[in-house]
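What follows is one structure encoded as structure tokens, with my remarks underneath.
The values are calculated or read from the model by the stated rules, or taken from the named source; none is laboratory data. This is a predicted model, so every value here is computed, not measured. Cβ sites come from the backbone with ideal geometry, for glycine too, and all protein chains shown count toward neighbours. To get the accessible areas, we keep the full protein, side chains included, count just its heavy atoms, and leave off ligands, DNA and RNA. Shrake-Rupley method; radii C 1.70, N 1.55, O 1.52, S 1.80 Å.
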Amino acid sequence: VFHGRILARRVVGQETRYEVEVAARYRQRFPLVSREYLWVPNTCGCPALHEGGEYLLMARRHVNHEHTLNRILLPDGGYARPWTPREARLVREAARHC
């Protein structure tokens, strides 16, 4: 779970790749760097993430069986909400209890 600002969007094959500036990390099972690529397995823009927008994102690390692909994936219908101070406070509180 992290707070990120969308820097760019690009369709690559049948997927969409977002370049994200990671502003805050709330709960993580894998390390994040200040800039990451976030992959969405479709080209329809679902969930709709807009360049310049700030979002609260819940993504997962996806590694294929051959260990040749290691990326951050936001699944269809994944958690992506516009970032607000209220959302950030709620996630911080939840992270302390989980």
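Within the stretch 73-98, take every residue that is among the charged types (D, E, K, R) and over 30 Å from THR43 (Cβ atoms) and give me the one that is modelled with the lowest pLDDT. Can you show your working first?
Taking the stretch 73-98 first, the residues among the charged types (D, E, K, R) are 76, 81, 86-87, 89, 92-93, 96.
Those left that are additionally over 30 Å from THR43 (Cβ atoms): 86, 89, 92-93, 96.
Working: ARG86: 88, ARG89: 84, ARG92: 78, GLU93: 80, ARG96: 72.
Only one residue tops the list, namely ARG96.
Screening ALA95 on (1) in contact with a His (Cβ under 9 Å, 6 or more places away or on another chain); (2) outside any strand (DSSP E or B) shows it passes everything except condition (1).
When we screen PRO85, PRO75 for residues that are under 11 Å from the mean Cα position of the chain (by Cα) and farther than 15 Å from PHE2 by Cβ, the only hit is PRO75.
Taking every residue in the stretch 13-41 that is over 18 Å from ALA80 (Cβ atoms) and pairing it with any residue that is open to solvent by less than 40 Å² (accessible area, probe 1.4 Å) and part of a loop (DSSP other than H, G, I, E, B), at least 6 positions away or on another chain, the pairs with Cβ-Cβ distances below 9 Å are GLN14/ASN42.
The condition (being charged (D, E, K, R) and surrounded by 15 or more Cβ atoms within 10 Å (Cβ to Cβ)) is satisfied by just one residue among GLU66, GLU21, GLU15, GLU36: GLU36. If you go through the stretch 1-26 and keep only what is assigned to a loop (DSSP other than H, G, I, E, B) and more than 11 Å from the chain's Cα centre (by Cα), you end up with GLY13, GLN14, TYR26.
When we screen ARG81, ARG29 for residues that are open to solvent by 60 Å² or more (accessible area, probe 1.4 Å) and either in a loop (DSSP other than H, G, I, E, B) or polar (S, T, N, Q) (or both), the only hit is ARG29. Restricting attention to the stretch 49-68, the residues that are touching a residue at least 12 places away in the same chain (Cβ under 8 Å) and part of a loop (DSSP other than H, G, I, E, B) add up to 6.
Scanning the stretch 32-48 for residues that are outside any strand (DSSP E or B) and either farther than 24 Å from LEU90 by Cα or not aliphatic (A, V, I, L, M) (or both) turns up SER34, PRO41, ASN42, THR43, CYS44, GLY45, CYS46, PRO47.
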